[in-house]
Amino acid sequence: MRPWLARMVTRLYPPRWRQRYGEEFEAMLELGPGDLGTLLDSVGSAVREHIFPTRGGSMERDPNSFGAVMRRPSAYLPVAMSLVCLVMVLGGIGVGLAQGGQIMRDKDEGSMAHIFQILMTVQMPIVLFFAVKWLRRAPRPALGVLALQAGAWLASCAPVYFLHL
Amino acid sequence: MGHYSDPPLLVLASLASGPKHGHAMIEDIARLCGSRLGPGTLYGAIARLEQQGWIEPLEPEERRRPYRITAAGLRVLRAKLTTLHQFTTAGLGRLEPL
């Protein structure tokens, strides 16, 4: 189908539908034949979409929104790793305070310290992978996720730094 | 008669062999059962299936976006095809004596 005709047919759909499927639908129309059957099918479907609009599901969300990007493993894993570290550190502080009334400091680095170091280090290549992949595709949500990852990392390091653990 | 037409089921069956974008789905479905879905019909089915969580979009490839079937979609497809299989087996069984 000719591009101008594909664009016109796509414009028959409601704006919300076009926002979600418009570009890929138009690209598909351009690949296919511009015969009467295709036109009638597309126009009929556009009319149906106006009368019975598709609701819920991904129609409500942009695949490149902050929420959608945040659901990627490379986005949430570093945050989860930092939060695990934070819980470990705060848990250690809590246990120390409950048992001896003061923060316990190991002279030797124990297993918790090693787990902390591993989790905080292993997330670096994951964050780098996320930045390389997503900053180009969806800059604004990616920057938000990176800020969250950085915030979680700093929150985990803060008690260690300020309390000299 | 002659062509099977249940667009959502055809889309699920097409995606069972791997992720595809719209045009590839149309071609695959035409090979699979002889029905050539119109673009509007196809995207109507895609929107409903996505809404139900039976398929999900992947990252766009230029202007085209591939879709893949989800675990829930596979369960639905298996259940529907099993029902159809039972139906066709029973129907063909009734034809045998004729």
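FYI, it's all coordinate maths here, none of it is from the lab. Since the model is a prediction, treat every value here as computed from it, not as a measurement. FYI the Cβ positions are ideal-geometry reconstructions off the backbone, even for glycines, and counts take in every protein chain you see.
Worth a mention:
- Electrostatic tally near B:GLY73: other residues with Cβ closer than 15 Å to its Cβ, Lys and Arg +1, Asp and Glu -1, net +3.
- For the stretch B:20-98, the convex hull spanned by the alpha carbon atoms encloses 105 Å³ per residue.
- Inter-chain Cβ neighbour count for B:43-52, averaged per residue, equals 6 (cutoff 10 Å, partner chain atoms only).
- Think of the protein assembly as shown as having a plus end and a minus end, set by charges on the Cβ of Lys, Arg, Asp and Glu; of B:THR70, B:LEU37, A:PHE129, B:LEU37 sits farthest toward the positive end of this dipole.
- Amide H contacts for B:ILE55 (H built 1.01 Å from N in the peptide plane; partners 5 or more residues away or on another chain; cut-off under 5 Å): B:GLU50, B:THR70.
- Note that the stretch A:125-141 has calculated 3J(HN,Hα) couplings of x, 5, 4, 5, 4, 4, 4, 5, 6, 9, 4, 7, 6, 9, x, 5, x Hz, one per residue in order, obtained from phi through the Karplus relation 6.51 cos²θ - 1.76 cosθ + 1.60 (θ = phi - 60°); glycine and proline are x.
- Rounded, prolate or oblate (a/c below 1.5 giving rounded, otherwise prolate when a/b exceeds b/c) for the stretch B:1-58 by Cα gyration tensor: prolate
- Chain B - mean residue ellipticity at 222 nm from DSSP helices (-39,500 (n - 2.57) per run, n ≥ 4, rounded to 500): -19500 deg cm²/dmol
- Likely footprinting exposure, A:GLU49, A:GLU23, fewest C-beta neighbours within 10 Å first: A:GLU23, A:GLU49
- Across the stretch A:14-58, the fraction of Cα-Cα pairs farther apart than 12 Å, rounded to a whole number, is 66%.
- Per-residue mean of foreign Cβ neighbours for A:20-33 is 6 (Cβ atoms of other chains, 10 Å radius).
- Rounded to whole Hz, the Karplus (6.51, -1.76, 1.60) HN-Hα couplings of the stretch B:59-71, x for glycine and proline: 5, x, 10, 6, 9, 9, 10, x, 10, 9, 7, 8, 4
- Pairwise inverse Cα distances across the protein assembly as shown, averaged and inverted, put the Kirkwood hydrodynamic radius at 22.3 Å.
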